[in-house]
């Protein structure tokens, strides 16, 4: 039987569950008594356990069972929520995540680590907890009949005969009834399940082991199974209570309501139904009216919208040249088409967009762990989690963000004593915020730490030969030095930072996404890193330019201005590099005709397009400025290779291919060339 | 353009595996490629040149929404550039380049017939020293008394994709 499809869904849900557990644990404060919060974590653990048991993955349920037991104690108020417990549970979640990763990849699990973690959990479980507090329940307490110490634990073995389902009896219903009596745990026994081709849906192949805890008598259990007496094998055994577990507190017997819905779903359903049940549970858990769609379907849709944009611009071209009487209607129709297309395109783009909160939510854990490790007190404040961006960008921005946060914690925020001495509050503040601005999404990482130390940076730069002692360097340039490869002012390496391979990779990754990163810092006060990213990857607003006989596209967001060349403002250096005096600054000129085709032409017969990337400006010399339009980005690498200075291609309205210029790449190339030419 | 299938005249046991090859004319010589790698034959259209690519990469074209590079095999073999005439076409092939499938077009002077050739009939190219790079030839075959040079299309694909050259 091919379980792989169900397995894929299961793994996805495991990760979701682990995420729920982690964020739940992080929000749990020591001394917390909110049963519902603990319950959420418990439910997630329980689902993972049940699901993995269904698939016959043995290590995971075993491990999760112990985790569950601990959580169970907490939610019943039999154990107080302490920081140690939370830390241990968080570690166990990590361990569990590794196990899921390993199982999914088919690699061997780290048995030692698992055993060690499990032992620690079991240790904690067996130590009685003295400082207990009564917990509050959101639901109304039921009056408990009589004696509170009448808690009994029953083990039930239930195997329906093959035809039991045909008499209309549903094991699920039976279990639900059982759950109203007390706390129920169910485990399915799949040993008699034949292969999928042999299964008959109306035949029962499963057996179940159930554990029921509560104040109940054997008769109550037997009553529930009355209907199926004779159609099943039933064994009801009373189980000895665990030695060492403290007596139940006041709140613990109220289990009916909260529990009824939870434990049964995943573990008890026979495999053909597994998927349906899982989806049910998933949608019950997060009722946000959303749907899971495969990424390929979205990409198909986006490609189609892209083609539509091309067709529409083609028609627009025809529309412009028409001289017939019906041209007004045609023009109106085309305007309408343009509007429809643009709206459709925006809607399609938005499908791929997800809130950035998804990326931000790993940071509370990271900050907490890192703060502990470094001995620094840091408070994390996150805002703008609902700001949306494209899924691909979201995935790729994760690592750079992690690096920036780590830097802020390692280099930025000072140790509590240092902060106190400087008159700052002991706890440092790290702010992550995201918002939309123009056609971009802006992400800021702000800390109130020590800021960039200008002295140190200058010294390091001189050591590395990037600057000489006499260079005058502007504030911005100093700060940009940290983005150089191999640059680090850390005195010693740690596994967190100091190797100097971080910031340049961060900037490269951000540039690859079509964005830029800047830093603003004030010594002693703190630093702010600002990342700007475009909202969409597949379509960009472009300015068409003509160079010789070819048309190129310059991304509109990189254009600062365009102007007619005044020959008097052109000054060469060493006869090889040309500079243009643009108001108060000198910018380099890149003659595109020469760079791309090898011809040169008179500068003053064309235009200069001033473009900017990473705070650096360059003038591109072109023959003519053509129109502005939206272009669909087509990849050159799909069938060919990456070309320096070109970020992609597009298809114009006339069917021809036009190359899209890579502005940061061109500027960098220009700088590299200048450096080599000056040195030569 | 339609390709006609000829049956092979050379006597061969019917049970031997025969491959079909699309043949074309290039600078007066006949070349053949495995027909399974040929995606389509396309009339010439304007090619957008790409900077910093070798001379034999003429540029890219728009193939129903995909950007496909066009290679001039004459230049690749160090011959004079192709003159675009009435029969000049692009043969669009799909082959493995740098570990995955890619689509590429080749400029040929004219397309000829499709032949069935069995592996027995393919002879290795003689080693003539370094006059010409012989890696692109998988073998030679004789059809209708003419020599047919069988092209290794994966090699052509792979060697056309390089590390980007430096700008001048």
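Laboratory data are not the source of any read-out in this text; all were calculated from the coordinates shown. Remember, it's a predicted structure, so these values are computed and weren't measured experimentally. Note that we place each Cβ from the backbone using ideal geometry, even for glycine, and neighbour counts take in every protein chain shown.
Which FRET efficiency value, to the nearest 0.05, is calculated for residue A:354 and residue A:190 with the Förster distance at 35 angstrom and r the Cβ-Cβ distance? Present the calculation step by step, with values, prior to reporting the outcome.
Working: r = 37 Å, r/R0 = 1.04.
Computed FRET efficiency for residue A:354 and residue A:190 comes out at 0.45.
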Item checked: Gained length - residue A:415 relative to residue A:236, 0.36 nm times residue gap less alpha-carbon distance -> 58.4 nm
Next item on the list: May I ask you to order A:390-399, A:89-98 by the average number of other C-beta atoms within 10 Å around their residues, highest value first?
Entry: A:89-98, A:390-399
Margin query: How high is the relative contact order of the stretch A:295-351? Use alpha-carbon pairs under 8 Å, at least six apart in sequence, and give a whole percent.
Written below: 55
Notebook entry, point to check: Can you give the Rg and Dmax of the stretch A:405-452 based on its C-alpha atoms, in angstrom?
Noted result: 13.3, 43
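Using 1/(1 + (r/R0)^6) with R0 = 51 angstrom and r between the beta carbons of residue A:226 and residue A:385, what's the FRET efficiency to the nearest 0.05?
0.45
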Notebook entry, point to check: What span do the alpha-carbon atoms of the stretch A:563-633 cover on each of the three principal axes, reported in whole Å from largest to smallest?
Noted result: 40, 29, 19
Next item on the list: Sticking to Cα atoms, compute the Rg of the stretch B:19-160 to one decimal and its Dmax as the biggest Cα-Cα distance, whole number, in Å.
Entry: 14.7, 43
Next item on the list: Average the reciprocal distances over every distinct pair of alpha-carbons in the stretch A:544-680, invert the result, and give the Kirkwood radius in Å.
Entry: 15.5
Item checked: Mean Cα-pair separation over length for the stretch B:22-168, i.e. relative contact order, pairs under 8 Å, 6 or more apart, % -> 26
Note to self: Calculate the FRET efficiency for residue B:64 and residue B:96 from the Cβ-Cβ distance with a Förster distance of 22 Å, rounded to the nearest 0.05.
What the structure shows: 0.55
Check: Given C-alpha coordinates of the stretch A:295-351, what is the ratio Rg to Rh with the Kirkwood estimate of Rh?
Finding: 1.11
Note to self: For residue B:36, project a label point 7 Å along Cα to C-beta. Then give me every residue of the stretch B:87-108 with its amide nitrogen under 17 Å of that point.
What the structure shows: B:93-97, B:100-102
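Summarise the partner chain shielding of B:49-56 as one whole number: the mean count of Cβ atoms from other chains within 10 Å of each residue's Cβ. Don't skip to the answer; put the middle values down first.
Details: counts 7, 10, 12, 6, 3, 0, 0, 0.
What the average comes to for B:49-56 is 5.
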Item checked: Label-reachable residues, the stretch B:83-100, where backbone N falls under 13 Å from a point 7 Å from residue B:25's Cα toward its Cβ -> B:83, B:85-89
Check: How many angstrom lie between the C-alpha centres of the stretch B:24-93 and the stretch A:618-639?
Finding: 24
Item checked: Projected label distance in nm at residue A:508 and residue A:453, using a 7 Å step from Cα toward the beta-carbon -> 2.8
Margin query: Per q in 0.16 Å⁻¹, report the Debye log10 I(q)/I(0) for the stretch A:1-136, using one uniform scatterer on each alpha carbon and no solvent.
Written below: -0.77
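Please arrange A:583, A:339 by how many other C-beta atoms lie within 10 Å of their C-beta, fewest to most. Mind showing how you got there, number by number?
Details: A:583 5, A:339 10.
Fewest to most other Cβ atoms nearby, the residues stand as A:583, A:339.
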Next item on the list: Could you list the square roots of 5 times each eigenvalue of the Cα gyration tensor of the stretch A:336-470, that is, the equivalent ellipsoid semi-axes, sorted largest first and rounded to whole Å?
Entry: 37, 21, 12
